[in-house]
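What follows is a single structure, written as structure tokens, with notes after it.
The values are calculated or read from the model by the stated rules, or taken from the named source; none is laboratory data. What you see is a predicted model, and the numbers here were worked out from it, not measured in a lab. Counting neighbours? That spans all protein chains shown, and the Cβs are built from the backbone with ideal geometry, glycine included.
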Amino acid sequence: MTQTNLANATLFDLKTGLSKEEKTKQRHLSDMTKMFYDTKALQEEMEAGHDALVYEYYDLDLPKTDGDIQYGTSIVYPGTVGDEYYMTKGHYHEVLETGEVYFCISGEGYLLMENPEGEWEIEKFVPGRAVHVPPRYAHRSINTGKEPLVTFFAFRADAGHDYGTIEAKGFRKLVVERDGKPEIIDNPKWQK
Ligand SMILES: O=P(O)(O)OC[C@H]1O[C@](O)(CO)[C@@H](O)[C@@H]1O
Ligand SMILES: [Fe+2]
């Protein structure tokens, strides 16, 4: 069989979610100063020199056309800022009417979703579970476990990422650790 150069294949390690063939994009605490609600706890981490790696993911160099699919793995590491679990920044798609699908490979956590009307959904990530993000929903991965949360994702390649709204308002709900267990609470800073 002739080897075409069209085929795009990437090998991801099922345990770490990482690939030896590609570089990840990394987000450290210093990239997330507007995202966690307990700004004092974040400040203390930074002052103590703990600029921890919160998550990393692949943004493969694929054509950003409406006919192509962007895919990769996202790895959110275990940890908390204050009592709020490590999470991704979260974003709307610039092409708002585009969805996404996630497949949890290992770890445990949630996918938090919210639309511009303030309607929200939350779905549990457990290994083997696929989660659908409907068009118009912002989405954020949250690690509530003690191991890395490894997911595989796919979305329309030209969807783009709009961080502005989430940076300004945050999500309506937060996921925090209370008595050693995850709890979904209202975000005191959120308004419609
Ligand atoms: O962009 P965020 O919210 O930091 O999330 C990290 C990455 O996870 C994904 O949502 C996975 O699809 C990427 O598109 C995104 O850039
Ligand atoms: Fe997305």
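Could you list, in sequence order, all residues of the stretch 73-96 that are over 28 Å from Glu177 (Cα atoms) and surrounded by 18 or more Cβ atoms within 10 Å (Cβ to Cβ)?
Listed by number, the list holds a single entry, His93.
Please state which of the following conditions Leu62 fails to meet, knowing it meets all the rest: (1) at pLDDT below 95; (2) under 15 Å from Val133 (Cα atoms).
Every condition holds for Leu62 apart from (2).
Just wondering, is there one or more residues in the stretch 143-163 that are assigned to a strand (DSSP E or B), away from ligand 2 (no atom under 16 Å from the Cβ), buried (at least 16 other Cβ atoms within 10 Å of the Cβ) and in contact (Cβ under 8 Å) with a residue 60 or more places away in the chain? Steps first, answer last, please.
Taking the stretch 143-163 and keeping what is assigned to a strand (DSSP E or B), we get 143, 149-156, 162.
Those left that are additionally away from ligand 2 (no atom under 16 Å from the Cβ): 143, 150.
Okay, now just the ones that are also buried (at least 16 other Cβ atoms within 10 Å of the Cβ), so 143, 150.
Retained after the next criterion (residues that are in contact (Cβ under 8 Å) with a residue 60 or more places away in the chain): 143, 150.
Taking every residue of the stretch 143-163 in turn, at least one turns out to be assigned to a strand (DSSP E or B), away from ligand 2 (no atom under 16 Å from the Cβ), buried (at least 16 other Cβ atoms within 10 Å of the Cβ) and in contact (Cβ under 8 Å) with a residue 60 or more places away in the chain.
If you check Glu123 against the conditions, is it surrounded by 14 or more Cβ atoms within 10 Å (Cβ to Cβ) and either in a loop (DSSP other than H, G, I, E, B) or acidic (Asp, Glu) (or both)? Write out each step before concluding.
Working: surrounded by 14 or more Cβ atoms within 10 Å (Cβ to Cβ): yes; either in a loop (DSSP other than H, G, I, E, B) or acidic (Asp, Glu) (or both): yes.
Yes.
Would a scan of the stretch 154-177 turn up a residue that is of a type in the set (Lys, Arg), within 15 Å of ligand 1 (Cβ to nearest atom) and under 22 Å from Ala41 (Cβ atoms)?
Yes: the stretch 154-177 contains one or more residues that are of a type in the set (Lys, Arg), within 15 Å of ligand 1 (Cβ to nearest atom) and under 22 Å from Ala41 (Cβ atoms).
Give me the pairs, please: first residue somewhere in the stretch 173-188 and over 11 Å from Thr144 (Cα atoms), second residue anywhere and modelled with pLDDT under 95 and surrounded by fewer than 13 Cβ atoms within 10 Å (Cβ to Cβ), beta-carbon distance under 9 Å, and either six or more positions apart or on two chains.
Final answer for the pair search is Leu174/Pro188.
Taking the stretch 137-192, which residues are among the hydroxyl-bearing types (Ser, Thr, Tyr) and closer than 18 Å to Glu123 by Cβ?
Hits for the stretch 137-192 are Tyr137, Ser141, Thr144, Thr151.
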